1. Regarding Arg321, is this residue free of Cβ contacts under 8 Å to residues at least 24 places away in the same chain, within 19 Å of Thr273 (Cβ to Cβ) and open to solvent by 30 Å² or more (accessible area, probe 1.4 Å)?
2. What number goes with the only condition from (1) farther than 25 Å from Pro214 by Cα; (2) open to solvent by less than 20 Å² (accessible area, probe 1.4 Å) that Val151 does not pass?
3. Name every residue in segment 378-390 that is modelled with pLDDT of 95 or more and not in a strand (DSSP E or B), in order of residue number.
4. Looking only at residues in segment 179-190 that are at negative phi and open to solvent by 20 Å² or more (accessible area, probe 1.4 Å), which one is modelled with the lowest pLDDT?
5. Step by step: first the residues of segment 202-220, then only those that are of a type in the set (S, T, N, Q) and open to solvent by less than 70 Å² (accessible area, probe 1.4 Å), then the one that is modelled with the lowest pLDDT. Which residue is that?
6. Exactly one condition in (1) open to solvent by less than 70 Å² (accessible area, probe 1.4 Å); (2) free of Cβ contacts under 8 Å to residues at least 24 places away in the same chain is not met by Ala365; state its number.
7. Kindly check whether there is at least one residue in segment 265-278 that is surrounded by fewer than 18 Cβ atoms within 10 Å (Cβ to Cβ) and under 16 Å from the mean Cα position of the chain (by Cα).
8. Going through segment 379-423 one residue at a time, which ones are in contact with a strand residue (DSSP E or B) (Cβ under 8 Å, 6 or more places away or on another chain) and over 26 Å from Tyr185 (Cα atoms)?
Amino acid sequence: MMWRVCTAALLLLQMATAHASLTVHIQQTLEKGLDLAVANFSGPAAGEPLGDIIRNDLRHSPGLRVAEQAVGAWQPGVMEFNEAAPTVTSLTEAEASNEPAPALPKYIVQGFVQQIAPQRYHFSYAVVEPATQRVVLSGQLKAGNGRWRAVAHYISDAVYEKLIGVPGMASRQLAYVQVQQGSRYRLMLADSDGANARTLLQSTQPLLSPSWSPDGKTIAYVSFEDGQSAIYSQNISSGERTRLTALTGTSAAPSWSPDGQRLAMSLSAAGNTDIYIYRLSDGDLQRVTDHAAIDTEPTWAADGNSLLFTSDRSGRAQIYRLDLSSNDAQRVSFTGRFNARAALDPTSDAIATIHDSGDGRYRVAVLEPRRAPWFLSSGALASSPSFASNGLLLTYTEQTAGGDRVFFVSRDGQLRWQWPERLGTVRSAVWAPK
């Protein structure tokens, strides 16, 4: 069977891939979006341009319409240090120059920077509603010179949560695998905009399937560095690594339990590929599926009492749910000829999958009960969907002419962008949980 043949490559490379044209069925929107503009921050410019970073963050945030160009600050007096406040651009000034008054955005984000010590700065920011001259949000924080980008992401998230009521994702990192020329693999971390990339591990052998622990401190992944696949965990801060599996056959697709105490994984040590649960406290390994089919790609449900996994026990790859108390497995995907690599929406019962509707093309699709799937990817060879923790953004990998790239898409399909090409060939990007 074709999927069984393809699954051998899937287990070795963990890339369920596919291609399809784009069809978007909008199921969820954040109204029409709020109009927003961002002013350049005034004061010392020792670090990166805060206004540009915040503008880019908010342009990639569902529910906002953000002006591409900087605007003047509306109310410089709301800043903590107003003696060096930015210049006001008012309607009166525009009228005096005989120029048409520009349309006012609903909100303006503005801010001011003051140096308070060598290499240390105070940042003030506010969100102003020009029509009413009301300050709807203000705040301040301190940081060192090397933390300007982190400050900008923090402000972006504060603004987004205030205006939309949902946590922003600008401050969240992503883990991913970068493939370089000469078959070098790097396990990487980067900001949500692709900046501040850093290497956790590099190898001449494949590195696959990074998975975050719930506390965001550890990453599990698959490595082939000893000549066969094995699952490792690695502390992000210390770099300490622990090999968790030392078995014959294939080890694949680690997934952390919500309590951080267990890892679900796919192993073929017993001959067939099944789902196992590894207990971190003592290394106990429990087999939880035992079927002639290929069972792989486990994903924990939020309650920790069940798993979603991919299996071809119905003849083709589909998504199943396993009740861990009864070991009863029930099929949950019925639409389409193929569904694999389930990613759970942390805010609802929706599932993102790699989906073939029957035309031999595979797309990232979102499945919900009693609704037709809607598709969020385009182009060739899509894989590895991952939800952000606010449920409004997904990432996935797609093959392009320049290699595999990480794409971002809002769940309603209204926003789409990709990481800068300078990051090279990138696979299996997954959002940090916090």
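The values are calculated or read from the model by the stated rules, or taken from the named source; none is laboratory data. Treat the numbers as computed from the prediction; the structure is a model and nothing was measured. Note: ideal-geometry Cβ built from the backbone for every residue, glycine included; neighbour counts use all protein chains shown. Ligands, DNA and RNA are excluded from the accessible area calculation, which covers all protein heavy atoms including side chains. Shrake-Rupley method; radii C 1.70, N 1.55, O 1.52, S 1.80 Å.
1. Details: free of Cβ contacts under 8 Å to residues at least 24 places away in the same chain: yes; within 19 Å of Thr273 (Cβ to Cβ): yes; open to solvent by 30 Å² or more (accessible area, probe 1.4 Å): yes.
Yes: the conditions hold for Arg321.
2. Every condition holds for Val151 apart from (1).
3. Ala388, Ser389, Asn390
4. Residues of segment 179-190 at negative phi: 179-181, 184-190.
Among the residues that remain, those that are also open to solvent by 20 Å² or more (accessible area, probe 1.4 Å) are: 179-181, 184-186.
Details: Val179: 92, Gln180: 85, Gln181: 76, Arg184: 90, Tyr185: 94, Arg186: 96.
Taking the candidates together, the pick is Gln181.
5. Of the residues in segment 202-220, the ones of a type in the set (S, T, N, Q) are 202-205, 209, 211, 213, 218.
Narrowing the set further to residues that are open to solvent by less than 70 Å² (accessible area, probe 1.4 Å) leaves 203, 209, 211, 213, 218.
On the way: Ser203: 94, Ser209: 97, Ser211: 98, Ser213: 98, Thr218: 98.
Residue satisfying both the conditions and the ranking: Ser203.
6. Evaluating Ala365 over (1) open to solvent by less than 70 Å² (accessible area, probe 1.4 Å); (2) free of Cβ contacts under 8 Å to residues at least 24 places away in the same chain leaves (2) as the failure.
7. No.
8. Ser389, Leu392, Leu393, Ser410, Arg411, Gly413, Leu415, Arg416
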